[in-house]
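Here the structure is laid out as structure tokens; the discussion comes afterwards.
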Amino acid sequence: MTSDSHVRRQSSPSTSVAEPPQQEGDDTTIRLRIAGLGHHFELDASTNAKLSDLKEEVERRTEIPAPYLRLVAKSKKLEDDSMVLGPSIMDGVRIVEIGAGLEDRTKLLLLHSSSYSQDKPGIEKLDKLNEEIKKLEDGAFDDKTVQELIIQICCKIDCVETNGSDALRKMRKKTIKYAESVAQRSEKLSKQSARGIDP
């Protein structure tokens, strides 16, 4: 692996966190153990990666949006997304990047952030709507039925109040895209089927 590579992928179940290039600091890889909210996994990260990068990777693994994640290490809440994961990066006597001080094999407790409780009613509604879409995707419904049900579901999605929450707005947008993709796939399969029986 070259020194200028910032994404480390492995064939094992653990994953890695990307980070932007740094001018100063010892860029080493540490393994972090994440546990909580029904999840338990390990991932590799650069000590120069940002906390925001780590949250994005945890979001990818858990499907919990990053704004709803809170990570706790050694009883300390990690809340500044701009800090690097390892020790602070120094430029002589000046701190260039504040560090969280995480070390190899550090265990991080995964919790919900305070914004999760505020958005919980909307999150639960969207989760139920995602389940309805999943049933349409997996079920043996005809194209017309799928189209009608997707329209009904999209109307329900539009009724989910975000109350100014960017995270909930993104979740709602993602749910709408999922519904649209299922409708488009159903329509495409229907057209293919119709062409197959044409003389």
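As a summary of the residue check, ALA140 satisfies the conditions (1) part of a helix (DSSP H, G or I); (2) modelled with pLDDT under 90; (3) small (Gly, Ala, Ser) except for the one numbered (1). The set of residues in the range 135-166 being among the hydrophobic types (A, V, I, L, M, F, W, C) and within 24 Å of SER114 (Cα to Cα) consists of ILE157, CYS159, VAL160.
So is ILE153 within 30 Å of SER46 (Cα to Cα) and over 21 Å from the mean Cα position of the chain (by Cα) or not?
Numbers: within 30 Å of SER46 (Cα to Cα): no; over 21 Å from the mean Cα position of the chain (by Cα): yes.
Judged against the criteria, ILE153 is not a match.
Residues that are out of contact with any Lys or Arg (no Cβ under 6 Å at 6 or more places or on another chain) and either at pLDDT below 90 or assigned to a loop (DSSP other than H, G, I, E, B) (or both) within the range 153-183 comprise CYS159, GLU161, ASN163, GLY164, SER165, listed in sequence order.
Could you tell me how many of the residues in the range 98-111 are under 19 Å from the mean Cα position of the chain (by Cα) and at pLDDT below 95?
The qualifying residues number 0.
Consider the range 116-148 and keep the residues that are surrounded by fewer than 17 Cβ atoms within 10 Å (Cβ to Cβ) and of a type in the set (Ser, Thr, Tyr). The one that is farthest from the chain's Cα centre (by Cα) is THR145.
Can you name the residue in the range 1-55 that is aliphatic (A, V, I, L, M) and more than 30 Å from SER117 (Cα to Cα) and is also modelled with the lowest pLDDT among such residues?
At the first step, the residues of the range 1-55 found to be aliphatic (A, V, I, L, M) are 1, 7, 17-18, 30, 32, 34-35, 37, 43, 45, 49, 51, 54.
Narrowing further to those that are more than 30 Å from SER117 (Cα to Cα): 1, 7, 30.
Values: MET1: 40, VAL7: 33, ILE30: 96.
Looking at residues that are aliphatic (A, V, I, L, M) and more than 30 Å from SER117 (Cα to Cα), I get VAL7.
Results for (1) within 25 Å of GLY164 (Cα to Cα); (2) in the same structural domain as LYS173 (by TED's automatic domain parsing), shown as yes or no for each residue.
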residue: HIS40; (1), (2): no, no
residue: LEU43; (1), (2): no, no
residue: LEU71; (1), (2): yes, no
residue: ARG94; (1), (2): no, no
residue: ALA100; (1), (2): no, no
residue: ARG105; (1), (2): no, no
residue: GLU124; (1), (2): yes, yes
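Are any residues in the range 102-114 surrounded by fewer than 17 Cβ atoms within 10 Å (Cβ to Cβ) and either part of a loop (DSSP other than H, G, I, E, B) or of a type in the set (Gly, Ala, Ser) (or both), and if so, which ones? Scanning the range 102-114 gives GLU103, ASP104, ARG105, SER114.
The values are calculated or read from the model by the stated rules, or taken from the named source; none is laboratory data. Here the structure is a predicted model, which is why all the values come from computation and not from measurement. We place every Cβ from the backbone using ideal geometry, glycine too, and count neighbours over all the protein chains shown.
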